Amino acid sequence: MLKISRLPLGPLGTNAYILSEQGKAIIVDPGGDFKKLKQWIEEKEVEVLAVLLTHAHFDHIGAVEEVRKAYNSPVYLHKAEHEWLTDSSLNGSAFFQMGEITAGPADYDLQPGPMELGPFTFEVRHTPGHSPGSVSLVFRNQRFTIGGDTLFQGGIGRTDLPGGSHKQLIDSINSQLLSLRNDMRIYPGHGSPTTIEAEKENNPFLR
């Protein structure tokens, strides 16, 4: 049975998600604090198959290189942001006075459409607006979606960073997320989980 675990990591408390099933694991957005990630992985005794990035802002990539080297795990990222991993001016770390955060290049494109990794089956949806290469990972059978910094409980992703677009973000949310079933659980890049139904009813940015 697929399990999802949320670990707030890094200086901004970015939600890293660890998906585990049959002794295998996928790590989504390892934002920092590699020691915490390592401890969790060793306690659960899972094999890390891959690192998936919802996007490449600095607060989501802090432990990418440590995870890749420790577990020989390939990194998947939408092609629009491949350069961001290696460039602190693109991923934003150059502007936030937290030290430059970079990683090596992505190993594979995270392409929209169905995807399988080991025992994991899900759909990648391109949801730009917060950033050009933002994606959401839809686990339809388990009724949850990892949405990165696209949709939050009562909020939406910021669009004032390079490559951001408010109109594009709202379009992405309407077409790619609000089209999901109402009981679909949304796991955001920051803060607590929510549901599509709750955001349709209560999110002031979607009215």
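Nothing in this text is a laboratory measurement; each read-out follows from the coordinates by a stated rule. Given the structure is predicted, the values throughout are model-derived calculations rather than measurements. Positions of Cβ are generated from backbone atoms using ideal geometry, with glycine treated the same way; all protein chains shown enter the neighbour counts.
Worth pointing out:
- With 22 Å as the limit, the listed pairs LYS167/LYS200; LYS24/LYS69; LYS35/LYS79; LYS3/LYS200; LYS38/LYS69; LYS36/LYS69 have LYS35/LYS79; LYS3/LYS200 beyond it between alpha carbons.
- Extents of the range 39-90, taken as max minus min of Cα coordinates on every principal axis and listed largest first, are 36, 17, 17 Å.
- Exposure proxy ranking for TRP40, TRP84, based on other Cβ atoms within 10 angstrom of each Cβ and starting from the fewest, stands as TRP40, TRP84.
- Rel. contact order, % - alpha carbon contacts under 8 angstrom, at least six apart, the range 10-123: 23 percent
- Amide H within-cut-off set for THR195, under 5 Å, with H built and near neighbours excluded: ILE186
- Descending principal axes extents, the chain, alpha-carbon based, whole Å: 45, 41, 27
- Look at the alpha carbon pairs under 8 Å that are at least 6 residues apart: their mean separation over the length of the range 65-190 gives a relative contact order of 20 percent.
- Backbone phi angles across the range 24-34, fed through the Karplus curve with coefficients 6.51, -1.76 and 1.60 (θ = phi - 60°), yield HN-Hα couplings of 10, 8, 10, 10, 10, 6, x, x, x, 6, 4 Hz in residue order; Gly and Pro are listed as x.
- Under 15 Å, Cβ to Cβ, from LYS167 - net charge with Lys/Arg +1 and Asp/Glu -1: -1
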